[in-house]
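Okay, so here's the structure we're looking at.
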Amino acid sequence: MSRADTDQKPAISPLHDPRWRGIAYQALLCIGIVALVYSAIDNAAQNLQKARIASGFDFWNHTAGFDISQTLIDYSTASTYGRAFWVGLLNTLLIAGLGIVFATILGFIIGIARLSRNVLVSKLGGAYVEIIRNLPLLLQLLFWYNAVLKALPELADSLILPGGTFLNNRGLFMPRPIAGEGLWLVPMMFVVGSASAVAFRRWAKRRQEKIGLQAPVATVATLLIIGLPLATFVLSGMPVDFAYPEKGRFNIRGGLEILPEFMALLFGLSIYTAAFIAEAVRAGILAVSYGQTEAAYSLGLRPAQTLRRVVIPQAMRVIVPPLTNQYLNLTKNSTLAVAIGYPDLVQVFAGTVLNQTGQAVEVIAITMAVYLTISLITSLLMNIYNARVALVER
């Protein structure tokens, strides 16, 4: 018998071949899923037809007829349901963006405080984490809204704060800035300064790799990003006027009104999420070998410089993945706004609009698609940042 005859595999029937059986099982599973989805869609269509509920997106351009307490764009009762959708979406993005910023700052402070050599600071940080993360978020939102903000004085007894600001159980009333001529130069200088700071940082990094000398990157970046727009603002004659709130008999008119629902949601989301971010920061710092700290001290770096230049950059490789999860959780947890009446996307679109139009399938599908898109974009941006801070081996 030749070697070719020996190496040739015996013929196997497709019924007994594991590879073909696997393909057949996966094909049957796909067919079953498609049939299930088709059945669900057909069942929903029949139920809508029986209930005489029109399907489609024609409701988008119909008049909404209801008011919204907080709007970042022009809106009135004569606006359309589509306009109401954008109002709710912008309110959601506002609370999510501000919540991420405040939770990140507070979380890093608490996380670093937990590792402090000062026993009091460390214990306070630990108590914050253990108390906040073990209480339900909904309960905390109700606490901030009902026990703190709604317990503030009535309109007649409003607290008068410096700068013409009033605080009562209807919210915070602050002076509203009004842009004057030439103010557009300030944001333009901010963009120019930010781009220049990035270019200077890259130049300083290449210079350090070549000759070993450090450049004052933080100082120069601060001057470019903050100092340049501030100098432009002063030199252009500070082109901003303020509309101050005026206290009347029954209400406060003018100024910028910040609703108690908005403050309660922002406080609750930021403080709750910061407890989890603090643990991620603590774990990330502990993951860095203490030898790195000793090596930095031996080079003459001070503790603050060691933390900022050596420990935190290495710890970010561990911190970023759980940090991404917390950002996603914060955005999704903002849907609890419906419990305290803040007009976010769920309260406005998946609540009022759905109840008025009865277009449950379309409204819920749009709402789910919006949150899915926000989460995917957040994950994409954080993955890009994670790739930039990942360990580069040479």
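Ordering Arg317, Arg202 by accessible surface, largest first, gives Arg202, Arg317; the 1.4 Å probe counts only protein heavy atoms, with every chain in place.
Dividing the radius of gyration of the alpha carbons in the range 16-77 by their Kirkwood radius gives 1.37 for Rg/Rh. If you sort Tyr385, Tyr38, Tyr371 by accessible surface, 1.4 Å probe, largest first, the order is Tyr38, Tyr385, Tyr371. Gap in Å between the Cα centre of the range 175-213 and the Cα centre of the range 24-40? So the separation of the two Cα centres works out to 55 Å.
Mean residue ellipticity at 222 nm from the helices of the chain, using -39,500 (n - 2.57) per DSSP H segment of n ≥ 4 over the full residue count, to the nearest 500 deg cm²/dmol? Computed mean residue ellipticity for the chain: -19500 deg cm²/dmol. Here the range 311-394 has an Rg and Dmax of 17.7, 62 Å, counting Cα atoms alone.
Charge tally for Gly212 (other residues, Cβ to Cβ under 14 Å; Lys, Arg +1; Asp, Glu -1): +3.
Counted as membrane-span-like here are DSSP H helices of the chain whose alpha-carbon atoms extend 20 Å or more along the helix's own axis and whose Kyte-Doolittle mean is 1.6 or above; these are 81-114. Post the alpha-carbon centroid distance, the range 73-111 to the range 301-329, in whole angstrom. Here the answer is 26 Å between Cα centres.
Here the translational diffusion coefficient of the range 75-213 follows from Stokes-Einstein with Rh set to the Kirkwood radius across Cα pairs; for 37 °C and 0.692 mPa s it amounts to 157 µm²/s. Using a probe of 1.4 Å on the protein chains alone, the accessible area found for Leu149 is around 10 Å².
Both radii are taken from the alpha-carbon atoms of the range 295-358; with Rh as the Kirkwood radius, Rg/Rh is 1.43.
Against the compact-protein benchmark of 2.2 N^0.38 Å, the Cα-based radius of gyration of the range 230-275 scales to 1.83. Rg and Dmax of the range 207-322, both derived from C-alpha coordinates alone, stand at 22.8, 70 Å. For the chain, the Cβ-based charge dipole about the Cα centre amounts to some 1440 debye (Lys, Arg positive; Asp, Glu negative; other atoms uncharged).
The values are calculated or read from the model by the stated rules, or taken from the named source; none is laboratory data. All values derive from a computational prediction rather than experimental measurement. Methodologically, a virtual Cβ is constructed for each residue, glycine included, from the backbone with ideal geometry; neighbour enumeration extends over all protein chains shown. Remember, those area values only see protein heavy atoms, side chains included, never the ligands or the DNA or RNA. Shrake-Rupley method; radii C 1.70, N 1.55, O 1.52, S 1.80 Å.
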